[in-house]
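One structure is given below, encoded as structure tokens.
The values are calculated or read from the model by the stated rules, or taken from the named source; none is laboratory data. Please read all numbers here as calculations on a predicted model, not as lab measurements. A quick note on method: Cβ atoms are made from the backbone with ideal geometry, for glycine too, and the neighbour counts reach across all protein chains shown. Protein only, heavy atoms only, side chains kept; ligands, DNA and RNA dropped before computing areas. Shrake-Rupley method; radii C 1.70, N 1.55, O 1.52, S 1.80 Å.
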Amino acid sequence: MDVKQLPTTAVLSDYVTICELDGIKVVRVIHPKATAAISLFGAHVLSFQPSGKKETIWMSEKADLSGTKAIRGGIPVCWPWFGKAAEPSHGFARSSEWALNEHRENEEGVIISLTLTDTAETRAIWPHAFRAELLMEVTDTLKVSLISTNTGDAPMQIGGALHTYLNIGDVTETTVSQLGNEYIEGGIRKPSSGNTGFDQEVDRIYTHANETVMVEDPRFQRRLAVTNQGNNAVVVWNPWKALSASMGDMADDSYETMVCVESAVYDRSVKLEAGENHTLSTLISSQ
Ligand code: TA6
């Protein structure tokens, strides 16, 4: 996405503007180190492009940007659970309106903070008082951190994922490595070589991945290093032909240029007592 083309609705600082993209409000960063954009709907990173390099984040050309449905592409914030642990799938954070909390900047980069707190609507889905903060740190790398705080007086159990869609040249030439010796697919645990390529649908939860996993993208002549913390798994997903053709918000062949590498707590295993917090993060560096 060319974030520089989006029409500006407000100027917040030298490097931060608000702009509009169809039905969603976007916080845009244009800094000498990189450009980036994050939607208030879903606290969803839409773009990160280090200066002089290619776009790092994949966005579906058919993504629904009306602000009523989770956005396809970018970095969906799956929270307070991952997958189909409950309804809605991947939690409600990605289809909630977040608030701009703070922005800070210097010559090294920009930090944007968005927050979400419980409402009658969220408590009807999940009966907990919480504060979630999404930090987007933009420099020549992108760091996204999700800080979950239990603001109630009863314990709460959370999972989630920073469900990053990476922009790649050709999935059939791409490999992901440093994934560890085991993954779960379709509910079954399987041994792993620690690497994967793509010649069919891949939807795997790697439970012993290294802190940094590597994505080799020969077509774009680059390597992406993805460093995850606060997670207990790295999820790797490519929908391949049939599934992407069946999804209304993906073009039939668009699976060819994306792969998801996700920093995840796949099983809702983080228990937060009253007042406690947990940080899940992912750091993406283009080499
Ligand atoms: O992270 C992988 C996954 O859970 C897959 O099973 C796949 O369905 C994908 O996320 C996308 O989910 P969504 O709800 O956005 O269609």
Legend entry - Which listed residue, of Ser254, Ser263, Ser244, Ser193, is within 14 Å of the ligand (Cβ to nearest atom) and either without any contact (Cβ under 8 Å) to a residue 12 or more places away in the chain or open to solvent by 30 Å² or more (accessible area, probe 1.4 Å) (or both): Ser244
Inset, instruction - Answer yes or no: is there a residue in the stretch 219-229 that is open to solvent by 70 Å² or more (accessible area, probe 1.4 Å), over 19 Å from Gly160 (Cα atoms) and either free of Cβ contacts under 8 Å to residues at least 12 places away in the same chain or of a type outside the set (Lys, Arg) (or both). - result: yes
Legend entry - Leading residue by the ranking (nearest to the chain's Cα centre (by Cα)) among those in the stretch 92-130 that are touching a residue at least 40 places away in the same chain (Cβ under 8 Å) and closer than 20 Å to Glu273 by Cα: Leu116
Inset, instruction - Might you check whether a residue that is open to solvent by 10 Å² or more (accessible area, probe 1.4 Å) and within 16 Å of the ligand (Cβ to nearest atom) occurs anywhere in the stretch 96-113? - result: yes
Legend entry - Index of the failed condition, Ile147 passing every other in (1) away from the ligand (no atom under 16 Å from the Cβ); (2) in contact (Cβ under 8 Å) with a residue 40 or more places away in the chain; (3) in contact with a helix residue (DSSP H, G or I) (Cβ under 9 Å, 6 or more places away or on another chain): (3)
Legend entry - Number of the exception - Gln49 against (1) within 13 Å of the ligand (Cβ to nearest atom); (2) in contact (Cβ under 8 Å) with a residue 12 or more places away in the chain; (3) open to solvent by 20 Å² or more (accessible area, probe 1.4 Å): (1)
Inset, instruction - Could you please let me know if Ala154 is open to solvent by 40 Å² or more (accessible area, probe 1.4 Å) and in contact (Cβ under 8 Å) with a residue 24 or more places away in the chain? - result: yes
Legend entry - Every residue from the stretch 266-287 that is under 23 Å from Glu87 (Cα atoms) and buried (at least 18 other Cβ atoms within 10 Å of the Cβ): Tyr266, Val270, Leu272, Leu280
Inset, instruction - For the stretch 52-81, enumerate the residues that are open to solvent by 20 Å² or more (accessible area, probe 1.4 Å), closer than 24 Å to Val110 by Cα and within 15 Å of the ligand (Cβ to nearest atom). - result: Met59
Inset, instruction - Considering each residue of the stretch 1-40, count those that are in contact with a Pro (Cβ under 8 Å, 6 or more places away or on another chain), assigned to a strand (DSSP E or B) and open to solvent by 10 Å² or more (accessible area, probe 1.4 Å), and give that number. - result: 1
Legend entry - Looking only at the stretch 221-238, and only at residues there that are outside any strand (DSSP E or B) and in contact with a strand residue (DSSP E or B) (Cβ under 8 Å, 6 or more places away or on another chain), the one that is nearest to Thr279 (Cα to Cα): Gly230
Inset, instruction - Out of the residues in the stretch 82-95 that are in a loop (DSSP other than H, G, I, E, B) and surrounded by 16 or more Cβ atoms within 10 Å (Cβ to Cβ), state the one that is nearest to the ligand (Cβ to nearest atom). - result: His90
